[in-house]
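Working notes, structure below.
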Amino acid sequence: MNLGMSGNMRRYAWLYVMILPIIVYLGLFVYYPLVQGVISSFQETKLLGATSWVGTENYRTAIDTPQFWQVVRNTLLIGGGIILLGFFPPIMVALALNEVMNIAFKKIAQTTVYIPHLFSWVVIAGMWMYILAPSGGLVNEFIKSVGGEPIRFFTSIGWARSLMIGLPIWRDMGYYAIIYLAAITSISPSLYEAARVDGASRFQQTWQITLPMLKPTMLVVFMLNTLGMLRIFDQIFIMRNPVSKRYVDVLMTYVYDLGITQGKIGLASAISVMVLGATLVMTAIVWTVTGFGKEE
Amino acid sequence: MTSPLSRRLLVQRGSVLGAAATLGGQRFTFAQDASPAATAVEADADFLAAQDALVESLKEFAGSKIKMLSAVAGGKDPEEDVLFAQEFQRLTGVELELVHPTAEYNQKLQADLTAGVEYDLIYTNKSTMDLFVEQEILTDLTDQISASGVLGNPTVIPAEEWEMITYDGRIYSVFNKFEGSRMITMRQDWLDKLGLETPRTLEEFYDTMVALRDGDPAGDGGQPIGFSATGTYDFQPFFSAWGLRNGYRYTDDGSKVIDYASDEAIPVYEYLAKLFAEGLIDPNFATQDMAAVRNQFMTDKLSSLCYWDTWVGLFNAQMLAADPATEFVAVGVAGIADENDNITITRGQPSVWMIPINAPNPDLAFKILEWWHTFPGITLTSLGILDHDYTVTDGVYALTEVGKQHAMDHGQPTPYNTNWVNPIGENPGLKEAQAITKQYASLDYYGPDWDATIKPLVDAAIIQMILGDVAPADGVAALQEDLRSQGFID
């Protein structure tokens, strides 16, 4: 029976009422600020009082600023590095954990690799800055003890950028490994039984069954990371210093500096809108190329 | 509170201390022997009259409420913030809603203003004030200040100081406190122990740092680091030897020059690179925060640092509070003189209170700004809260254990008002350090041409040169090219 739209509304009235809070929440705290941000990007915004329309001037200012292109480059290098270099380690960890037969050891190992994900960036940055400090740091004291020259990790341009890529990978490896591990445990044991009957080795089972069956999870993780690529902020904001700033500042720290430190809210909003647009474009590209959502 | 008559009598006796005490809500007299650093001074009669009038006029606002966003004024923790607000109300009759973020102050300030939160008073520094003035979001206080018997009195705030916060003849803020300077602070007890003189030249600084490193002054077998820093401005006392300073300098032909990026700065970087290479400068200086440096200094791991003059006193007070038998003595040292015998150290940018244009009670807010610079206001924001931070017994002031830990800093440890004398006495070493400030410190000049992107460029180059990653001559040349290509220097 076709009830029509109004009929459906009446029939499912309570469901609509129940969904209302989340609609209100999203409207107030997500879409309203989003729309305000887009509006601000076309304005010269003051902290208090009247604003004035400036058309696309904020966008043109951003594009004409060399610093903008420097942070775009940094974002692509650091964000891209995190996505590409961080893609396989969690899979390898998950596969390794899956092979552990001792349940107690497996749980301890799972917890151990997951723990860094629970720490805030403030804690992680403090810990690694202490470990890698030029004087008194664990790593450099060891290097000195074997006659080496200490490495200034956070003020060496090459090292600083590598750390901005490496530490997020280390921090989130356990988290993604747990996701992959959950996916592995849901693979039907009958597939492995059939492979064993056919004489497949452990490696062949992994290569021919586990990895293909993980493809949907890999796509989800890759998509999530792509969505977040242009929005990396915390680790950069906390670990940057005057020497590394130029080489590790990313779009979001640049937006913070412009909007909060310098009060250029219109310009910061314009860059944020560009980041939003670029994220949507990148997601669409990844979606199309990987065939996300079309897999059987 | 005592009557105006008794207050006049006290003033006639030449002791401003008595007048200060009466305004605190109790009848106090000060014992000089209990506070040797506190000496009686002649208070300005006009100021005292204006102070009386102000306190009287505040009665009209009894029961009113004021909302204040503060980075410095208040308690040392949320619990003491509550006591601070209660003490404020006891002294003024005005209820205080104190918003006192523990971190990310500027973010909180700008986010709240953008969100339309209505504050009567907000605290900030000069660079943020520059932005607020440009955005026209502050109440113009020019006429009120000149008409004020307190703020308009040069014994409270010297007339020339207002120039620092004047924009095209208009003033939009009132100073929070007298800003000191960043100066080299050394361990005097270590110098004495090793029989060393206070260093005055670059060579003497080098020799002193080496002697302190190798002389085991702490007696624990350790080798204290010679000098530590957290930013390039901490090296200003060394730039002083070549007469250079931070910020812009305009030549006679109008060209823009940044001293730190000039050829004249190359010898400074060569000197500092030498110190670093020989382990005399803290290897962690480029990444650590000031809390870490302070901790090193107070735990015998560091001989000298560059820090605010106020901290000379605070270091000594805190170490004495922790251990009354401590040998620790910090002392402020003027920077190194140039060939003309001039010393150039940097005075802190003004910290100020402002009334936003959306303040609900601007008239009351201005009265509180005046009150801030009166004796009871200063007492609250320096000594702290009566019977919590300090006590008064038979007219004698004494810090409690809590007060000793707080070292007489509740937002205004160094008031402008020359009529006020601290009844406890200044923190040890502060007076001498402030004398250095008054003699040698001046503001860096940035001006409207200074862009926010300049500092990161200069800082990065300086650090790389000190670390020895780049030869000073090459580093300065590259920095000049970088700055010139972006139009920051001519």
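Structure notes:
- Some residue of region A:213-229 being closer than 24 Å to residue A:65 by Cβ and either away from chain B (no Cβ under 14 Å) or not small (Gly, Ala, Ser) (or both): yes
- The residues of region B:59-77 that are over 19 Å from the mean Cα position of the chain (by Cα), under 22 Å from residue B:412 (Cβ atoms), surrounded by fewer than 21 Cβ atoms within 10 Å (Cβ to Cβ) and hydrophobic (A, V, I, L, M, F, W, C) amount to a single one, B:61.
Each row is one residue, and each column tells you yes or no for (1) modelled with pLDDT of 90 or more; (2) over 26 Å from residue A:76 (Cβ atoms).
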site	(1), (2)
A:154	yes, no
A:186	yes, yes
A:197	yes, yes
A:216	yes, yes
A:240	yes, no
A:252	yes, no
A:259	no, no
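- One residue alone among A:32, A:25 is within 14 Å of chain B (Cβ to nearest Cβ) and free of Cβ contacts under 8 Å to residues at least 60 places away in the same chain, and that residue is A:32.
- Filtering region B:360-393 to residues that are of a type in the set (D, E, K, R) and in contact (Cβ under 8 Å) with a residue 40 or more places away in the chain leaves B:367, B:370.
- The set of residues from region B:105-152 being acidic (Asp, Glu) and crowded, with 21+ Cβ neighbours inside 10 Å comprises just one member, B:120.
- Listed here are the helices (runs of 4 or more DSSP H) enclosed by region A:179-283 that have at least 2 residues being within 27 Å of residue A:110 (Cβ to Cβ), touching a residue at least 40 places away in the same chain (Cβ under 8 Å) and in the same structural domain as residue A:97 (by TED's automatic domain parsing): A:211-229, A:234-239.
- Lone qualifier among A:44, A:57 - being more than 28 Å from the chain's Cα centre (by Cα), more than 14 Å from chain B (Cβ to nearest Cβ) and acidic (Asp, Glu): A:57
- Single match in A:285, A:265 (criterion: over 14 Å from residue A:76 (Cα atoms), of a type in the set (A, V, I, L, M) and facing another protein chain (nearest Cβ under 10 Å)): A:265
- Residue A:9 vs. criteria assigned to a helix (DSSP H, G or I), surrounded by 10 or more Cβ atoms within 10 Å (Cβ to Cβ), at pLDDT below 85 and over 25 Å from the mean Cα position of the chain (by Cα): yes
- Cβ-Cβ distances below 7 Å connect the following pairs, each with a first residue in region B:125-140 that is outside the structural domain of residue B:449 (by TED's automatic domain parsing), a second residue that is assigned to a helix (DSSP H, G or I) and surrounded by fewer than 19 Cβ atoms within 10 Å (Cβ to Cβ), and a separation of six or more residues or different chains: B:128/B:106; B:139/B:362.
- Single unsatisfied condition, residue A:77 versus (1) part of a helix (DSSP H, G or I); (2) loosely packed, with under 12 Cβ neighbours inside 10 Å: (2)
- All positions within region A:126-168 that are assigned to a helix (DSSP H, G or I), in contact with a helix residue (DSSP H, G or I) (Cβ under 7 Å, 6 or more places away or on another chain) and surrounded by fewer than 18 Cβ atoms within 10 Å (Cβ to Cβ): A:131, A:138, A:139, A:157, A:159, A:161
- Hits in region B:269-292 (condition: assigned to a loop (DSSP other than H, G, I, E, B) and not aromatic (Phe, Trp, Tyr)): B:278, B:279, B:280, B:282, B:283, B:284, B:286, B:287, B:288, B:289
- Qualifying positions in region B:439-469 - within 11 Å of another protein chain (Cβ to nearest Cβ) and farther than 25 Å from residue B:335 by Cβ: B:451, B:452, B:453, B:469
- Residues satisfying the stated conditions in region B:302-328, i.e. in a loop (DSSP other than H, G, I, E, B) and closer than 19 Å to residue B:178 by Cα: B:309
One line per residue, one yes/no per condition, for (1) among the acidic types (Asp, Glu); (2) modelled with pLDDT under 95:
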site: B:261; (1), (2): no, no
site: B:275; (1), (2): no, no
site: B:286; (1), (2): no, yes
site: B:292; (1), (2): no, yes
site: B:300; (1), (2): yes, no
site: B:305; (1), (2): no, no
site: B:320; (1), (2): no, yes
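- Out of B:121, B:109, B:83, sole residue that is closer than 30 Å to residue B:291 by Cα, touching a residue at least 40 places away in the same chain (Cβ under 8 Å) and in contact with a His (Cβ under 7 Å, 6 or more places away or on another chain): B:83
- Filtering region B:106-124 to residues that are more than 9 Å from chain A (Cβ to nearest Cβ) and farther than 13 Å from residue B:71 by Cα leaves B:112, B:115, B:117, B:118, B:119, B:120.
- Annotation for region B:161-176: no member residue is in contact with a Pro (Cβ under 9 Å, 6 or more places away or on another chain), modelled with pLDDT of 95 or more and of a type in the set (Val, Ile, Thr).
- Answer residue from region B:329-359, given it is in a strand (DSSP E or B) and hydroxyl-bearing (Ser, Thr, Tyr) and is nearest to residue B:177 (Cα to Cα) among those: B:351
- When the criteria are applied in full, residue B:337 fails the requirement of being touching a residue at least 12 places away in the same chain (Cβ under 8 Å), in contact with an Asp or Glu (Cβ under 9 Å, 6 or more places away or on another chain), surrounded by fewer than 20 Cβ atoms within 10 Å (Cβ to Cβ) and outside the structural domain of residue B:47 (by TED's automatic domain parsing).
- Of the numbered criteria (1) within 14 Å of another protein chain (Cβ to nearest Cβ); (2) under 30 Å from residue B:444 (Cβ atoms), the one residue B:343 fails is (1).
- Test: residue A:144 is of a type in the set (Lys, Arg) and either within 14 Å of chain B (Cβ to nearest Cβ) or in contact (Cβ under 8 Å) with a residue 24 or more places away in the chain (or both): yes
- As for region B:420-434, it holds no residue that is assigned to a loop (DSSP other than H, G, I, E, B) and within 14 Å of chain A (Cβ to nearest Cβ).
- Qualifying residue in region B:129-147 (condition: more than 14 Å from chain A (Cβ to nearest Cβ) and under 22 Å from the mean Cα position of the chain (by Cα)): no
The values are calculated or read from the model by the stated rules, or taken from the named source; none is laboratory data. Treat the numbers as computed from the prediction; the structure is a model and nothing was measured. We place every Cβ from the backbone using ideal geometry, glycine too, and count neighbours over all the protein chains shown.
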